[in-house]
Amino acid sequence: MFRFLWKEQVYIGYDEAAYLRVCRILQNADIRYKNKVSVPSDRWAGPGFNMRGGTGLGINPSQARLFEVWVAAADYDQARFLIRGGD
């Protein structure tokens, strides 16, 4: 995953169910996290072109939103252990 200063990325993907599972696991373990939901198709559009509210032509609706979850670097090992099915 990706590391940015004090935080580490524990999840990035298009699957909303997996994203919600990761967030639930972190909440249950009292691990603070930051999340980001973005619409990648908005980044591809040029100036004056807005595709918000729809996926546009050629965009797979299941990949319309990109989910990211970040935790503090100090909590990264514990978070990865729990996400991968640890007890």
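The values are calculated or read from the model by the stated rules, or taken from the named source; none is laboratory data. Note that the structure is a prediction, hence the values are computed from the model and not measured. Reconstructed Cβ throughout: ideal geometry from the backbone, glycine too, with neighbour counts over all protein chains shown.
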(message) Restricting to region 59-76, give me the number of residues that are over 15 Å from D15 (Cα atoms) and touching a residue at least 40 places away in the same chain (Cβ under 8 Å).
(response) 6
(message) Name the residue that is modelled with the highest pLDDT, counting only residues in region 24-82 that are surrounded by 15 or more Cβ atoms within 10 Å (Cβ to Cβ) and of a type in the set (S, T, N, Q).
(response) S41
